[in-house]
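The values are calculated or read from the model by the stated rules, or taken from the named source; none is laboratory data. Just so we're clear, the structure is a prediction, and the values are computed from it rather than from any experiment. FYI the Cβ positions are ideal-geometry reconstructions off the backbone, even for glycines, and counts take in every protein chain you see. In case anyone asks, the SASA skips ligands and DNA or RNA and just uses the protein heavy atoms, side chains included. Shrake-Rupley method; radii C 1.70, N 1.55, O 1.52, S 1.80 Å.
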Amino acid sequence: MDLTPHLVTGAAIGARVRVPMTALMVAWASHFVLDAIPHYDFVWIGSHGLFEAIDIGLGVLLTGLIIWKVRHWWPLACALAAVLSDAPGLKERWDTIFPHYQWAPPGGIAVEIVVAGVLLFWGLGAPIRTK
């Protein structure tokens, strides 16, 4: 999937899972689960800088909303863990073990929007963290 669903998923997990190490591990594993869902990598497949900038900006904005809602930095750590597998040098290795499943538009794009939207609302529904 593109960056936005991964960031939002990681942030939502960080907002909802109370045990820090569990949250980090689940957020990291969520990357592979999301990539196993048929989707369309809109931004990174033959795209240009504008689409990448929109994806990064939207992902950061939505992650920021979750952080603002729970008033804690932990969703940020989990969001970063959720995108770690796409780092240059790591992505190629993980893609051989956990392949991406593609689905042409419009269905594949709709999947990414639904995933990001559902997980955004799940993350925003988390209570304010006091510790």
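Which pairs have Cβ atoms under 8 Å, sit 6 or more apart or on different chains, and link a residue in the range 52-71 that is within 13 Å of residue 123 (Cα to Cα) to one that is polar (S, T, N, Q)?
62/4
Only residues that are surrounded by 11 or more Cβ atoms within 10 Å (Cβ to Cβ), out of contact with any Pro (no Cβ under 7 Å at 6 or more places or on another chain) and farther than 13 Å from residue 4 by Cα: list them for the range 94-109, please.
Passing the criteria: 94, 95, 98, 99, 100, 107.
Name the residue that is least open to solvent (accessible area, probe 1.4 Å), counting only residues in the range 120-131 that are assigned to a loop (DSSP other than H, G, I, E, B) and either more than 23 Å from residue 71 (Cα to Cα) or modelled with pLDDT of 80 or more (or both).
Ranking the qualifying residues of the range 120-131, first place goes to 126.
Can you name every residue in the range 26-35 that is more than 18 Å from residue 106 (Cα to Cα) and touching a residue at least 12 places away in the same chain (Cβ under 8 Å)?
26, 27, 28, 30, 31, 32
At least 2 residues that are among the hydrophobic types (A, V, I, L, M, F, W, C) and more than 15 Å from the chain's Cα centre (by Cα) in each: list the helices (runs of 4 or more DSSP H) lying fully within the range 1-119 that qualify.
In the range 1-119, the matching helices (runs of 4 or more DSSP H) lie at 49-70, 91-97.
Is it fair to say residue 92 is charged (D, E, K, R) and free of Cβ contacts under 8 Å to residues at least 24 places away in the same chain?
For residue 92, the condition - charged (D, E, K, R) and free of Cβ contacts under 8 Å to residues at least 24 places away in the same chain - is met.
Give me the pairs: first residue in the range 1-16 and in contact (Cβ under 8 Å) with a residue 60 or more places away in the chain, second residue of a type in the set (Ser, Thr, Tyr), beta-carbon distance under 8 Å, and six or more apart or on different chains, which are they?
6/30; 7/63; 8/63; 9/30; 10/30; 10/63; 11/63; 13/30
Quick one: would you say residue 50 is at negative phi and open to solvent by 40 Å² or more (accessible area, probe 1.4 Å)?
Taking the combined requirement at face value, the residue satisfies it.
Just to be sure, is residue 86 touching a residue at least 12 places away in the same chain (Cβ under 8 Å), open to solvent by less than 70 Å² (accessible area, probe 1.4 Å) and over 12 Å from residue 40 (Cβ atoms)?
Yes, satisfied.
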